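Trainee: Supplied in structure tokens, the structure appears directly below.
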Amino acid sequence: MNSTKVNLQLGELILTCSLASEEQLELCLLGAAQTGLPLGMQLILQNLLDFDNLHSLVAAQSLVRDEQISRDTATKAVLLAKRKAVPLNLALDLLGICVESPVKNRLGSLLVDGELLDRNVLKRGLKIAKATCLPLGKVLVAGSSMDKVVIDKAVQMQNQLRTGLIAREEAIDAIVSVKPNSVAFAKEEEIKLQKTRVGQICVDVGLLSRDDIEMVAQEAIRRHALIGETLVAMQFISNDSLHLILEVQRLVRQTRFSLAHAIKMLRRIHATDLFPCAEAENEAETVERTPISFLNFLRLARLVDANGKNLLSQSGVYSSHGVKMLEETWTAFPSSNDDDLSLAIVIPSDVAACLAENGFTTPEQQLSVARAAREYKQLRELQSTFEQALVKYHASILDGSTMVPWTGTFPALSAWAPKENT
């Protein structure tokens, strides 16, 4: 292995493997900014990746960062895993490459050895991370198992450990040093970093001049506000533009993209007039993120495929008008838990009939949809983020929690579409 430390970006690996073009990545970046979804999930919804592809990409990226395989080997293994429909480790075996990724660099291992995380909580988090394709740190934060400040510090130390800038014991000590009473200080540091990068991104993309940013920075200090908020308030950029910039910032901080590549993508978006402008927002007064559909949430929860067909059963019946019915079922499900009530009380008969027509024929399958609907409601009502909704759904599957009965009236299914003749 080359002694030069490497930091392979996920976006670069996607392009190298020809799993998506630069233009497709740019459009998915725009979509992610509009919906608030992680980029990987947006790529799945656009049928550019599936969950297995994403697993292989993330695993290969991690092995490259741990200097267990080269970039070239990572590309070959990801493509072989896709072609053979096998996990990455089996693809590496087929290539005759034996690797053993060092556990010492793993985020969970650092947290457990620092006595910040229980080993059983880690095992549960890893299961959810595998099911969702979300990073372990995001899963732990979304599930309220760890504070974001601690995770951010742990990821920072993990990167330094991988590049040889710090010893493992020093990394653990630095993570442990992040106490609850230092949260406010850490947040101030995070805001300071955010101000700098948001302004710099705007300058690099060509949205504003450096003089403009200096003026905005002074106004932000006067208002005790963030640079991004001030840019929107002074009508230099729109809220949608800020969401897009912050999404790029997040991807760069998580080393999903290099800063140079992210800036290049934003410049292309800006040059093609796809960048949201402040004038358009002024006409609409308020701009809200576009919520994903319930069907797309079910897809990202791995309950249906791209056509809306049930993935829990190979024998499920599927009809084209059933998808429309399924999309509306989330409004009819309850929002809380009660372990003492049976499934028959929870799901109304007309909703159960709709689910059965879409292939969810067993009580267990129907309960999975009910759990997804509960978390989707929280997402639509802005009571949770997408990550929180997805993590809580998978946690409920692991925990086996049940639902309280629904007392409303579900719209007559026959009024939506006639049944198809078989």
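Trainee: All but one of (1) crowded, with 19+ Cβ neighbours inside 10 Å; (2) part of a helix (DSSP H, G or I) hold for Leu15; which doesn't?
Mentor: (1)
Each row is one residue, and each column tells you yes or no for (1) at pLDDT 80 or above; (2) crowded, with 16+ Cβ neighbours inside 10 Å; (3) closer than 29 Å to Thr132 by Cα; (4) not assigned by TED's automatic domain parsing to the domain that holds Trp330.
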residue: Glu188; (1), (2), (3), (4): no, no, no, yes
residue: Ile191; (1), (2), (3), (4): no, no, yes, yes
residue: Gln200; (1), (2), (3), (4): yes, yes, no, yes
residue: Thr230; (1), (2), (3), (4): yes, yes, no, yes
residue: Leu259; (1), (2), (3), (4): no, yes, yes, yes
residue: Ala262; (1), (2), (3), (4): no, yes, yes, yes
residue: Ala271; (1), (2), (3), (4): no, no, no, yes
residue: Pro276; (1), (2), (3), (4): no, yes, no, yes
residue: Val304; (1), (2), (3), (4): yes, yes, yes, no
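Trainee: Got a sec? Which of Ser368, Ser384 is crowded, with 22+ Cβ neighbours inside 10 Å, farther than 22 Å from Gln46 by Cα, at pLDDT 65 or above and not assigned by TED's automatic domain parsing to the domain that holds Gln46?
Mentor: Ser368
Trainee: Please give the number of the condition Val58 fails out of (1) under 28 Å from Leu161 (Cβ atoms); (2) crowded, with 23+ Cβ neighbours inside 10 Å.
Mentor: Exception for Val58: condition (2).
Trainee: Can you confirm whether Ala225 is of a type in the set (Gly, Ala, Ser) and buried (at least 22 other Cβ atoms within 10 Å of the Cβ)?
Mentor: no
Trainee: Show the residue pairs meeting these rules: Cβ distance below 6 Å; 6+ apart or different chains; first residue within segment 103-124 and within 17 Å of Leu398 (Cα to Cα); second residue among the basic types (Lys, Arg) and not in a loop (DSSP other than H, G, I, E, B).
Mentor: Close Cβ pairs (under 6 Å, with a partner that is among the basic types (Lys, Arg) and not in a loop (DSSP other than H, G, I, E, B)) do not exist here.
Trainee: Of the conditions (1) buried (at least 19 other Cβ atoms within 10 Å of the Cβ); (2) part of a loop (DSSP other than H, G, I, E, B); (3) of a type in the set (S, T, N, Q), Asn47 satisfies every one except a single condition; which number is it?
Mentor: (1) is the only condition that Asn47 fails.
Trainee: Suppose we filter segment 77-91 for residues that are touching a residue at least 24 places away in the same chain (Cβ under 8 Å) and either in a loop (DSSP other than H, G, I, E, B) or of a type in the set (Lys, Arg) (or both); how many remain?
Mentor: Total satisfying the criteria: 3.
Trainee: Now a separate question. Among the numbered criteria (1) modelled with pLDDT under 70; (2) charged (D, E, K, R); (3) part of a helix (DSSP H, G or I), which single criterion is violated by Asp339?
Mentor: The single condition Asp339 does not satisfy is (3).
Trainee: In segment 278-302, which residue that is at pLDDT 80 or above and of a type in the set (Lys, Arg) is surrounded by the most Cβ atoms within 10 Å (Cβ to Cβ)?
Mentor: Checking each candidate, the answer is Arg299.
Trainee: Test Leu242 against the criterion of being in contact with a Leu (Cβ under 9 Å, 6 or more places away or on another chain), of a type outside the set (D, E, K, R) and either modelled with pLDDT of 75 or more or not assigned by TED's automatic domain parsing to the domain that holds Pro135 (or both), and give yes or no.
Mentor: yes
Trainee: If I filter segment 98-129 down to residues being modelled with pLDDT of 90 or more and among the β-branched types (Val, Ile, Thr), which single residue comes out as surrounded by the most Cβ atoms within 10 Å (Cβ to Cβ)?
Mentor: By that ranking, first place goes to Ile128.
Trainee: Now, a different point. Please enumerate the residues belonging to segment 92-150 that are more than 21 Å from Leu161 (Cα to Cα), among the small types (Gly, Ala, Ser) and not in a helix (DSSP H, G or I).
Mentor: Gly96, Gly143, Ser144, Ser145
Trainee: Continuing with the same structure: Which residues, counting only those in segment 151-167, are among the β-branched types (Val, Ile, Thr) and in a helix (DSSP H, G or I)?
Mentor: Hits for segment 151-167 are Ile151, Val155.
Trainee: Among the residues of segment 27-41, count how many are within 13 Å of Pro291 (Cβ to Cβ) and outside any helix (DSSP H, G or I).
Mentor: 2
The values are calculated or read from the model by the stated rules, or taken from the named source; none is laboratory data. These figures come from a predicted structure and were not determined experimentally. Ideal geometry is used to build each Cβ from the backbone, glycine not excepted, and the neighbour counts take in all protein chains shown.
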